[in-house]
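The block underneath contains the structure these notes are about, expressed in structure tokens.
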Amino acid sequence: MHRGADQLGGEAGSGHGGEAERATYVRPRQSALVRFGKRMRDPVNAWFARQSRIATDPVVDAASLPVLQPLAREWRTVQREAQALLAGREDIPDFGKISPDHRRIANGPQWKSFFFEGYGFKSKANRAKCPRTAELLDGIPGLVVAFFSIMDGDAHVPRHRGLTKAWLNCHLPLIVPTRPGRCEMQVAGETVRWREGEWLVFDETFPHEVWNTTGSPRVVLMLQVRRPMRWSGQAAARAIYEIIRRTGFVQDVRKAVGA
């Protein structure tokens with residue numbers, strides 16, 4: 001549900017499954033609507049940038065999004081709920097399996113995703129396992145997507161970019177490995193690193209790439225929230241939201257997570 005599909009402000013990797021497992025991750029042909037959206041994204045995003053009420057830099061100051069602060073204050077609670085899930089990590093689905101549209105960058109078992117909601121569809125079962133996190137998410141206006149992103153120990157997400165400036169990617173780091181190796185992301189050529197409990201906000205329409213070569217899992221609460229914009233930008237963003245939530249891209253994930 002993390003729209004983009006060149007894309008996902010997301011993560012994928014290499015490693016555990018081997019080529020045989022990779023062969024089972026077949027990315028379907030993208031719809032005409034998605035292909036058209038990609039052709040139009042640059043001029044549309046230039047217009048969204050002019051509508052923005054906050055900075056349009058690749059990495060955005062989290063203070064520009066005060067709606068995120070309640071989660072930051074209770075990040076330890078969210079961390080505990082995420083840690084409880086890791087005991088059964090094998091039961092958390094690979095992102096490439098539940099979202100076929102992202103298999104170019106999520107083509108293996110190194111990136112798992114525990115979805116709470118996306119485009120208005122909520123997973124009741126997953127929310128019940130992490131009730132306080134779900135409650136906090138309900139208090140965020142303009143929430144588009146929310147999930148735990150679990151990136152295992154030897155993973156690399158190839159360079160990619162997302163579809164729209166209408167929303168921003170927000171990472172709340174919950175578990176960040178301290179072992180030797182790379183655990184970082186590049187956004188528009190700038191290297192950034194996660195710090196537990198501190199929001200990292202970025203614009204996924206800029207090229208970005210991700211590594212975790214530490215041998216230990218990295219866990220973030222991944223959100224997409226609507227960018228603060230003038231009324232015309234808000235109206236256009238709502239229209240895009242309604243179009244995307246009806247696509248097979250979103251419906252595939254909705255069915256996979258029981259939302």
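The values are calculated or read from the model by the stated rules, or taken from the named source; none is laboratory data. Note that the coordinates shown come from a computational prediction; the quantities given were computed from them, not determined experimentally. Cβ coordinates were reconstructed from backbone atoms using ideal geometry, including for glycine residues, and neighbour counts include every protein chain displayed. SASA here: full protein model, heavy atoms, side chains in, ligands and nucleic acids out. Shrake-Rupley method; radii C 1.70, N 1.55, O 1.52, S 1.80 Å.
Among the residues of the stretch 165-212, count how many are of a type in the set (Phe, Trp, Tyr) and farther than 22 Å from residue 146 by Cβ.
1
Just name the residue that is modelled with the highest pLDDT out of those in the stretch 84-99 that are under 19 Å from the mean Cα position of the chain (by Cα) and open to solvent by 30 Å² or more (accessible area, probe 1.4 Å).
Taking the stretch 84-99 as the starting set, the residues that turn out to be under 19 Å from the mean Cα position of the chain (by Cα) are 85-86, 89, 92-99.
From the residues that got through so far, the ones that are open to solvent by 30 Å² or more (accessible area, probe 1.4 Å) too are 86, 89, 93, 97.
Details: 86: 89, 89: 78, 93: 76, 97: 70.
Selected residue: 86.
Can you tell me which residue in the stretch 115-136 is farthest from residue 240 (Cα to Cα), limited to those that are open to solvent by less than 10 Å² (accessible area, probe 1.4 Å) and either touching a residue at least 60 places away in the same chain (Cβ under 8 Å) or of a type in the set (Ser, Thr, Tyr) (or both)?
If we filter the stretch 115-136 for residues that are open to solvent by less than 10 Å² (accessible area, probe 1.4 Å), which is where we start, we get 115-116, 118-119, 123, 130, 133-134.
This time we only want the ones that are either touching a residue at least 60 places away in the same chain (Cβ under 8 Å) or of a type in the set (Ser, Thr, Tyr) (or both), so: 115, 118-119, 123, 133.
Numbers: 115: 21, 118: 14, 119: 11, 123: 22, 133: 27 Å.
Top of the filtered list is 133.
Within the bounds of the stretch 122-138, is there any residue that is small (Gly, Ala, Ser) and within 30 Å of residue 49 (Cβ to Cβ)? Working first, answer last.
Of the residues in the stretch 122-138, the ones small (Gly, Ala, Ser) are 123, 125, 128, 134.
Filter again for within 30 Å of residue 49 (Cβ to Cβ), leaving none.
No; the residues of the stretch 122-138 include none that is small (Gly, Ala, Ser) and within 30 Å of residue 49 (Cβ to Cβ).
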Strands (runs of 3 or more DSSP E) contained entirely in the stretch 158-200, each with at least 1 residues that are open to solvent by 40 Å² or more (accessible area, probe 1.4 Å): 183-187, 190-192
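Looking only at the stretch 201-219, which residues are closer than 29 Å to residue 46 by Cβ and either open to solvent by less than 30 Å² (accessible area, probe 1.4 Å) or of a type outside the set (A, V, I, L, M, F, W, C) (or both)?
Of the stretch 201-219, the ones closer than 29 Å to residue 46 by Cβ are 201-210.
Hits for the stretch 201-219 are 201, 202, 203, 204, 205, 207, 208, 209, 210.
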For residue 147: the one exception among (1) under 17 Å from the mean Cα position of the chain (by Cα); (2) outside any helix (DSSP H, G or I); (3) at pLDDT below 90: (3)
